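The values are calculated or read from the model by the stated rules, or taken from the named source; none is laboratory data. Since the model is a prediction, treat every value here as computed from it, not as a measurement. In this analysis, Cβ positions are derived from the backbone assuming ideal geometry, glycine residues included, and neighbour counts consider all displayed protein chains. Ligands, DNA and RNA are excluded from the accessible area calculation, which covers all protein heavy atoms including side chains. Shrake-Rupley method; radii C 1.70, N 1.55, O 1.52, S 1.80 Å.
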Amino acid sequence: MDKNTRLLLGLTDKHLSFGEDWLEYSHSKGVKAQIIKATLTYIPTHCRNCGIKNQGQIIKNGYHWTYTQLPVFNGRLTLLKLKRSRFRCHECHSTFHAQTELVEEHHHLSKQLCLQIMLDLKKNVSRKEIAQKHFVSDVTVLRLMEELAASYSPNWRFLPKILCIDEFKSMKSCEGAMSFICVNGETNKILEVLEDRRLTHLTRHFMRYTKEARENVKYLVMDMNASYDQLLKSVFPNAQLVTDRFHIVQQMNRALNQLRIKTMNAFRHSSPQEQKQYRRLKRYWKLLLKDSTELDSQHRPYHSLFKRPLTQTDIVDELLSYDSTLRIAYDTVQFLKYAFTHRDAKRFFEELDTLDPRLPFWFKKKLRFFKKHKQGIINAFCFSFSNGITEGLNNKIKVIKRVAYGYRNFYHFRSRIYIVQGLVFSQD
């Protein structure tokens with residue numbers, strides 16, 4: 001084998017020697033494999049067992065055959081069949097074999113193959129697909145994944161100034177039904193993923209950080225989950241709560257949409273005219289949730305449900321004419337959205353204090369829910385912090401789980417999340 005071929009195959013160990021017929025083909029693991037035959041021998045400098053320096057006490061004592069799996073070459077399983085020298089030490093009467101830098105001692109997979117598998121684990125593909133690609137078992141891929149993930153550990157002396165927290169659905173076996181994720185709001189990278197989102201578990205976990213690290217957290221960005229408020233008092237004494245603005249708008253839209261559905265269903269089994277109103281409320285629901293300032297009042301395309309050309313503003317006016325309560329609710333939500341858009345917290349809460357008494361009780365209750373999170377909403381109007389990156393990471397986590405067709409073990413799931421998101425490789 002010439003020098004260029006050795007470089008191509010990664011067989012650069014100077015102690016390897018190859019004969020003329022160094023390549024053969026055979027069947028292994030149910031496929032046709034290409035087998036590279038080589039001899040590994042050298043004069044050892046010392047005994048691997050007793051450590052004595054070799055001054056003639058160590059002699060060759062036969063050979064030993066081993067198989068090492070190399071990275072796939074030309075799409076085929078590639079094996080290195082090594083004829084290793086066996087050595088005997090007359091000082092301690094022990095034997096040992098010649099070693100090569102291509103593979104760890106007592107390992108079957110070469111270092112280069114292990115590295116390629118680890119790099120593939122960073123891609124969002126299933127473990128089974130990686131195993132099939134490299135002609136290894138899924139258990140082997142799992143073992144390498146856990147070895148890789150074990151190199152990551154939290155820095156218990158540091159927490160970011162901005163901490164974004166949320167929960168996500170991981171698996172049924174998790175305690176507390178939902179899992180917890182916290183993100184560094186300054187770098188937009190995952191800080192930690194925890195199995196349990198319950199307050200006692202979170203408090204116990206974050207108390208492992210030093211007092212200086214916990215006092216460094218100035219802003220806690222989250223949704224309107226009441227249980228997380230307690231973290232401020234017990235864990236992060238210097239932090240201010242910032243409610244994510246997306247959840248504020250979502251709460252208003254959900255309340256209005258539920259009222260639209262109730263109004264729409266009231267027309268479902270009535271006269272033909274009211275059934276038309278039902279279909280219109282069902283078809284154009286997005287326009288009711290849209291900000292009134294963004295409605296198109298210029299273009300008039302033809303709409304088959306109305307049998308005439310209408311602008312988006314005309315359609316909304318027509319829909320609101322079907323029910324007075326729906327119109328009042330729509331105007332109320334639009335006033336709140338206006339105050340929200342202009343970051344006017346005073347006007348926002350004044351509107352909540354003066355809700356129209358004709359509105360349904362359940363609708364007013366959903367809007368007055370904001371008063372329980374008044375300080376967090378005021379901070380959301382003052383600061384530009386958002387939990388959007390956390391929601392995006394949650395979506396990526398769902399994709400990881402979907403590609404793998406689910407996980408049974410949370411810690412395997414978390415290890416894959418850390419690897420795919422770059423937490424492990426960023427440690428190097």
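What is the gain in length, in nm to one decimal, between LYS128 and THR41 on full extension, counting 0.36 nm per residue of separation less the C-alpha to C-alpha distance?
27.6 nm
Using DSSP to call loops (not H, G, I, E or B), can you name the trypsin sites (Lys or Arg not before Pro) in the stretch 190-240 whose Cβ has at most 10 other Cβ atoms within 10 angstrom?
ARG208
Please figure out what share of the DSSP beta bridges in the chain is antiparallel and state it in percent, rounded to the nearest 5.
Bridges in the chain that DSSP calls antiparallel: roughly 70 percent.
Measuring from the lowest to the highest alpha carbon on each principal axis, how far does the stretch 267-355 reach, largest first, in angstroms?
45, 31, 15
Treating cross-link reach as a plain straight distance, find the aspartates and glutamates whose alpha-carbon is under 18 Å from the alpha-carbon of LYS83, omitting any fewer than eight places away in the same chain.
ASP13, GLU20, ASP21, GLU24, GLU101, GLU104, GLU105
Which whole-percent values make up P(r) of the stretch 45-91 when all C-alpha to C-alpha distances are grouped in 5 Å steps starting at zero?
That works out to 5, 19, 18, 14, 12, 12, 9, 7, 4, 1, in percent per bin.
Sequence neighbours fewer than 8 away in the same chain don't count; with that in mind, list the lysines whose C-alpha is under 25 Å from LYS276.
LYS262, LYS286, LYS290, LYS307
What share of Cα pairs, in percent, lie more than 39 angstrom apart in the chain?
The proportion of pairs with Cα distances above 39 Å equals 49 percent.
Leaving ligands and nucleic acids out of the surface, order TYR209, TYR25 by accessible area at 1.4 Å, largest first.
TYR25, TYR209
Enumerate the helices in the chain for which the Kyte-Doolittle hydropathy averages -1.0 or more and the C-alpha atoms extend at least 20 Å along the helix's axis, using complete DSSP H runs.
245-266, 324-341, 388-403
For a quick size check, give me the Cα extents of the stretch 94-185 along its three principal axes, largest first, whole Å.
The principal-axis extents, from largest down, are 56, 33, 25 Å.
Between GLU105 and SER234, what is the FRET efficiency for a Förster distance of 51 Å, r being their Cβ-Cβ separation, to the nearest 0.05?
According to the calculation, E is roughly 0.55.
Determine which residues of the stretch 232-266 fall in the zone a paramagnetic label at ASN395 would reach in this model, i.e. backbone nitrogen under 18 Å from the point 7 Å along Cα→Cβ.
Answer for this model: 244-251.
Of LYS337/LYS364; LYS32/LYS128; LYS81/LYS111; LYS172/LYS366, which pairs sit farther than 18 Å apart, going by alpha carbon to alpha carbon?
LYS32/LYS128; LYS172/LYS366
What full-extension length gain, to one decimal in nm, is calculated for GLU274 and HIS64 as 0.36 nm per residue of separation minus the Cα-Cα distance?
So the extension gain works out to 66.8 nm.
Would you please classify the overall shape of the stretch 1-153 from the alpha carbon gyration tensor, given that a ≥ b ≥ c denote the square roots of the eigenvalues, rounded means a/c under 1.5, and beyond that prolate means a/b larger than b/c while oblate covers the rest?
Note, shape of the stretch 1-153 comes out oblate.
So what is the 222 nm mean residue ellipticity for the chain from helices alone, if each DSSP H run of at least 4 adds -39500 (n - 2.57) and you divide by all residues, rounding to the nearest 500 deg cm²/dmol?
After summing the helix terms and dividing by the residues of the chain, the value is -12000 deg cm²/dmol.
Among the GluC sites (Glu not before Pro) within the stretch 98-135, which fall in a DSSP loop and have no more than 15 other Cβ atoms within 10 Å of their own Cβ?
Here the GluC sites (Glu not before Pro) that fit, given the DSSP loop and packing criteria, are GLU101, GLU104, GLU105.
Using 1/(1 + (r/R0)^6) with R0 = 35 angstrom and r between the beta carbons of THR210 and THR187, what's the FRET efficiency to the nearest 0.05?
0.95
Within the stretch 92-159, report the chymotrypsin sites (Phe, Trp or Tyr not before Pro) that DSSP leaves as loop and that have at most 13 other Cβ atoms within 10 Å.
TRP156, PHE158
Under 5 Å between amide H atoms, partner at least 5 residues away or on a different chain: which partners does SER28 have, H built in plane at 1.01 Å?
Those lying under 5 Å, H to H, from SER28 are ALA33.
What fraction of the Cα pairs in the stretch 146-289, stated in percent, has a spacing above 24 angstrom?
49
Just report the Cα centroid separation between the stretch 58-103 and the stretch 256-309, whole Å.
One Cα centre to the other: 77 Å.
Report the label-to-label distance for GLU175 and LYS32 in nanometres (one decimal), using points 7 Å from each Cα along the Cα→Cβ vector.
So the two model labels end up 5.5 nm from each other.
I need to check one value: relative contact order of the chain, counting alpha carbon pairs closer than 8 Å and at least 6 residues apart, in percent.
Answer for the chain is 13 percent.
For the stretch 385-428, place one equal point scatterer on every Cα, skip the solvent, and apply the Debye formula. What is log10 of I(q)/I(0) at q = 0.28 Å⁻¹?
Values, matching the q order: -1.02.
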